[in-house]
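Student: Below you will find the structure I want to go over with you.
The values are calculated or read from the model by the stated rules, or taken from the named source; none is laboratory data. Source: prediction; values computed, not measured. Cβ sites come from the backbone with ideal geometry, for glycine too, and all protein chains shown count toward neighbours. With ligands, DNA and RNA removed, areas are computed over all heavy atoms of the protein, side chains included. Shrake-Rupley method; radii C 1.70, N 1.55, O 1.52, S 1.80 Å.
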Amino acid sequence: NGEEYDQEGFTAAHPILPMNTLVEVENMVNGRKVVIRVNDRGPYASDNGKPRIIDLSHGAAKSLAMVQAGVQPVNLRVLRWPANVDRQLGIAAY
C-alpha cells in the first residue's frame, strides 16, 4: 500500500482481503493469537504444493511463536473491514 515496511509491526500480506482489514490470526499448533492489519499483497509462495494464505511480519510471527518453524497452519478471522469496502470477495458454487 506504499507505507514503509516495519518488520516488528503487526502487519501481513494477503492476496484478496482489502488493505487495512484487521484480522485475528491463530496459530493452530499452539493456540496463540495476534491481530494484524493487511497492508500488502501476497503471498506468492507455496510449501509442498500447498499455497500460503498469509505472509506475516516478523513481529506477528514472533508473537505467534512461529519464527523458528517458519511455516505453520493458521486460522484467520476478520475482525474489522475497512470503511466503505464491498465485502463480496468472490462467488460460491455447489
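Student: State the percentage of accessible surface on the chain attributable to carbon and sulfur atoms; use a 1.4 Å probe and exclude ligands, DNA and RNA.
Tutor: Answer for the chain: carbon and sulfur cover 50 percent of the accessible area.
Student: Equivalent-ellipsoid semi-axes (√(5λ), Cα gyration tensor) for the stretch 1-85, whole Å, largest first?
Tutor: Calculated on Cα positions only, the semi-axes equal 19, 14, 13 Å.
Student: Given the -39500 (n - 2.57) contribution per DSSP H run of 4+ residues, what per-residue ellipticity at 222 nm results for the chain, rounded to the nearest 500 deg cm²/dmol?
Tutor: -1500 deg cm²/dmol
Student: Same structure again: For every other residue with a beta carbon closer than 12 angstrom to the beta carbon of residue 77, add +1 if it is Lys or Arg and -1 if Asp or Glu, then tell me the sum.
Tutor: Summing Lys and Arg as +1 and Asp and Glu as -1 gives 0.
Student: Oh, and also: Per residue, how large is the accessible surface of the chain? Use a 1.4 angstrom probe and give square angstrom.
Tutor: I get 68 Å² per residue for this part.
Student: Give the average over all directions of the projected area of the C-alpha convex hull of the stretch 29-76, one decimal, in nm². Write out the running numbers ahead of the final one.
Tutor: Values: hull surface 14.1 nm².
Average projection, Cα convex hull of the stretch 29-76: 3.5 nm².
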